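K.L.:
Please find one structure pasted underneath; my questions will follow.
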Amino acid sequence: MSKTAQPAIREPSEKEIKLVIGASSAGTVFEWYDFFIYGTLFALIGKAFFPSDNETLQVLLVWAGFAIGFGFRPLGAIMFGFLGDRLGRKYTFLVTVTLMGIATAGVGLVPSAESIGLWAPAIVIVLRILQGLALGGEYGGAAIYVAEHAPPEKRGFYTSFIQASVVGGFILSIIVVLACRFLIPEQEFNDWGWRVPFLLSIVLLGISLWMRLKLSESPVFQAMKAEGQIAGNPFVESFTYPGNKKRIFVALFGVTGILTTIWYSAFFSSLSFLQRDMRLDELTVELTLLVAGLIGMTFYIFVGRWSDRVGRKKPIMIGAALTLLLIFPSFWAMGSLANPGLAEASERNPVVVSGPQCSTDPFAELFDREQSDCGKLLGTLISSGVSYQLQPGDALALSIGGAPVAIDPAWFADGKLRSEAVQARLTQAGFDFSRQTPPFINIVGIVAILLVLSALSALTYGSVAALLSEMFPPRIRYSSMSIPYHIGAGYLGGFLPLIAGVIVASTGDIYSGLWYTWGVVAFGIVVAWWGLPDGPPRDFADDAG
């Protein structure tokens, strides 16, 4: 097959490249901050907009709202990918960052469910949809914009700053939350102060627009426009261009599926696990993730630069294989360090439940379904972060360390009473449900584990912007890379906290949600081995597909 004629491309200056990297990376940090602040404040978001007596349901509803935003990323990728390939890279991601900033600030202005009822979660969900649409156009625009300015031999290094900026958005969200906690008294922060990080988005929007307006259009797009090579319908051509269907499949499952599940396991699963399941003090969790994130950001840049020498495939394959080996041991070790008393109590005094209809339905309350008494009891144990074993039995029974616990029928009419009573019995058996602040040496160990998870994420993510830019033809590059990336990140990654939470709620094992990550990565590594090109990086060519 003959190669497509490539347009003559202007060589950008070193100063221009530095401005491109700086402005694009800063905008990406701000935009991901806007998206991640929702997850960072998941506990307070739940109380304000999704209140429920069932703590597990409340958390799942928060993660459902998180997932909805991700679910609309593919539509944003289609919309803004079309505009990016037709109208240009620069102006498209100016639109996306504006939409994101306005939607994020809007969340901070929505009255609580206590004030306006179901309108509160409904409005929040609409704003999350707008955020998802904006994010669907942001990543492809920023990544391609930098890639199309970079010389081929430095493309992995330059675009790695975009990958590190995604972590930067998460870190910025933690820094802002910590600053607000420091400046605003705890009770006031819980009541209204948590809204300040959302409202700050307007300031970040102004800075981002100011920086990005200084940029010129991508030299690749300028050359294509000058030579009349702009795609007529980038969305259609993405699926009709020779070899592109295979490339999209590989980008979806062999690249994005791997990187996104590892990323969200490393950061958001860790956040939820430490704060909710291990009951660590919120400030301790945020400071720990902040330190690990700041150090871990450098890993992405190292991997991007390394990929310029060894190729894009090798780091991804190494990171994916190591994840399969280390994901469970990492979380087991983190749990032992974070709350050793809980781990010891679970081993010393195992909790056993038996009875009829012993399965839990975490969404029973939401859909007005009847939950069995055994299911209610299991839900209480799950929301307490306590693993349990199920045994067959004709009558409902609970034992802790082999000692039977008397079950009061009144428990099943009042979730709060049930939770207090069960936790009281567990406390007598050595379980500690107070907020924990581990010894300093344990915190150092947790940071070390988080750095291992960050390294796994960096190996599978650091070179991806360069890889995806090289996989697709320039005329439809924005659409072709954005569609699989945001389907994968939107559904495989964005739904990870919700899916993992449902798995945990259904099994009673706080580590069982990791099987979702393991399964997606295991499938992805097979696709990556089959579909990614070996050897040094190279620009797109029709016969590379």
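K.L.:
How high is the relative contact order of segment 344-428, in percent, with contacts defined as C-alpha pairs under 8 Å that are six or more residues apart?
P.N.:
35 percent.
K.L.:
If you don't mind, there's one more thing I want to ask. Want the number for Arg348 to Ala395: 0.36 nm per residue separation, take away the alpha-carbon distance, what's left?
P.N.:
14.4 nm
K.L.:
Expressed as an acute angle from 0 to 90° and rounded to the nearest 10, what is the orientation of the C-alpha long axis of helix 55-71 relative to the principal long axis of the chain?
P.N.:
Between the helix axis and the principal axis of the chain, the angle is about 10 degrees.
K.L.:
By how many degrees, 0 to 90 and rounded to 10, does the Cα axis of helix 89-107 deviate from the longest principal axis of the chain?
P.N.:
20 degrees
K.L.:
Report, in deg cm²/dmol and to the nearest 500, the calculated mean residue ellipticity at 222 nm for the chain, where each DSSP H run with n ≥ 4 adds -39500 (n - 2.57) and the sum is divided by the residue count.
P.N.:
Counting only the DSSP helices, I get -21500 deg cm²/dmol.
K.L.:
Then there's this: How much length would be gained if the chain were fully extended between Phe433 and Ser359, taking 0.36 nm per residue of separation minus their Cα-Cα distance, in nm to one decimal? Mind showing how you got there, number by number?
P.N.:
Numbers: separation 74, 0.36 × 74 = 26.64 nm, distance 2.40 nm.
That works out to 24.2 nm of additional length.
K.L.:
Test of understanding: ordering Val146, Val352 by Cβ neighbours within 10 Å, fewest first, what list do you get? Please report the intermediate quantities before stating the final value.
P.N.:
On the way: Val146 27, Val352 16.
Lowest count first: Val352, Val146.
K.L.:
What does the charge add up to near Gly304, with Lys and Arg as +1, Asp and Glu as -1, over the other residues with Cβ less than 15 Å from its Cβ? Spell out each step's value before the answer.
P.N.:
Details: positive: Lys154, Arg155, Arg305, Arg309, Arg312, Lys313, Lys314; negative: Glu153, Asp308, Glu470.
Result for the local shell: +4.
K.L.:
Calculate how many DSSP beta bridges within the chain are antiparallel, expressed in % of all such bridges and rounded to the nearest 5.
P.N.:
Numbers: 7 of 11 bridges.
Beta bridges within the chain, antiparallel portion: roughly 65 percent.
K.L.:
Under the rule of at least 5 residues apart or a separate chain, name every residue whose amide H is placed under 5 Å from the amide H of Gln436.
P.N.:
Leu280, Asp281
K.L.:
Given [x] 38.4; [y] 25.0; [z] 40.0 as candidate values of mean projected area of the Cα convex hull in nm², which corresponds to the one derived from the coordinates?
P.N.:
Only one option fits the structure, namely [y].
K.L.:
Which ordering of Ile248, Ile102 is given by a fewest-first count of other beta-carbon atoms within 10 Å?
P.N.:
Values: Ile248 21, Ile102 17.
Arranged by neighbour count, lowest to highest, Ile248, Ile102 become Ile102, Ile248.
K.L.:
While we're on this one: By how many degrees, between 0 and 90 and to the nearest 10, does the Cα long axis of helix 477-487 differ from the longest principal axis of the chain?
P.N.:
10 degrees
K.L.:
Ok, one more. Do you know the relative contact order of the chain, to the nearest whole percent, from alpha carbon pairs under 8 angstrom that are 6+ apart?
P.N.:
Values: 969 pairs, mean separation 148.5, N = 545.
For the chain, the relative contact order is 27 percent.
K.L.:
Under the Cβ-under-4.7 Å rule, which cysteines of the chain stay unpaired?
P.N.:
Cys180
K.L.:
Pull up the DSSP beta bridges for segment 344-428 and report the antiparallel fraction as a percent, rounded to 5.
P.N.:
DSSP beta bridges in segment 344-428 are roughly 70 percent antiparallel.
K.L.:
Also: So what is the relative contact order of segment 377-515, in percent, for Cα pairs below 8 Å that sit 6 or more residues apart?
P.N.:
Details: 63 pairs, mean separation 44.9, N = 139.
Rounded, it is 32 percent for segment 377-515.
K.L.:
How much length would be gained if the chain were fully extended between Trp192 and Arg305, taking 0.36 nm per residue of separation minus their Cα-Cα distance, in nm to one decimal? Don't skip to the answer; put the middle values down first.
P.N.:
Values: separation 113, 0.36 × 113 = 40.68 nm, distance 4.35 nm.
Answer, rounded to one decimal: 36.3 nm.
K.L.:
I need the phi-derived Karplus couplings for segment 163-175: 6.51 cos²θ - 1.76 cosθ + 1.60, θ = phi - 60°, integer Hz, Gly and Pro marked x.
P.N.:
Result, ordered by residue: 5, 5, 5, 5, 5, x, x, 5, 5, 4, 4, 5, 4 Hz.
K.L.:
If you keep only loop residues by DSSP, which chymotrypsin sites (Phe, Trp or Tyr not before Pro) in segment 295-361 have at most 10 other Cβ atoms within 10 Å of their Cβ?
P.N.:
Numbers: sites: Phe299, Tyr300, Phe302, Trp306, Phe331, Trp332; in loops: none.
Answer by residue number: there is no such site.
K.L.:
Convert each backbone phi in segment 241-251 into a coupling constant with the Karplus relation 6.51 cos²θ - 1.76 cosθ + 1.60 (shift: θ = phi - 60°), then list the ³J(HN,Hα) values in order as whole Hz, x for Gly and Pro.
P.N.:
Those phi angles translate into 5, x, x, 6, 4, 5, 4, 5, 4, 5, 5 Hz.
Quick note: the coordinates plus some simple rules give every number you see, no bench work behind them. Quantities reported herein were computed from a predicted structural model and do not represent experimental measurements. Reconstructed Cβ throughout: ideal geometry from the backbone, glycine too, with neighbour counts over all protein chains shown.
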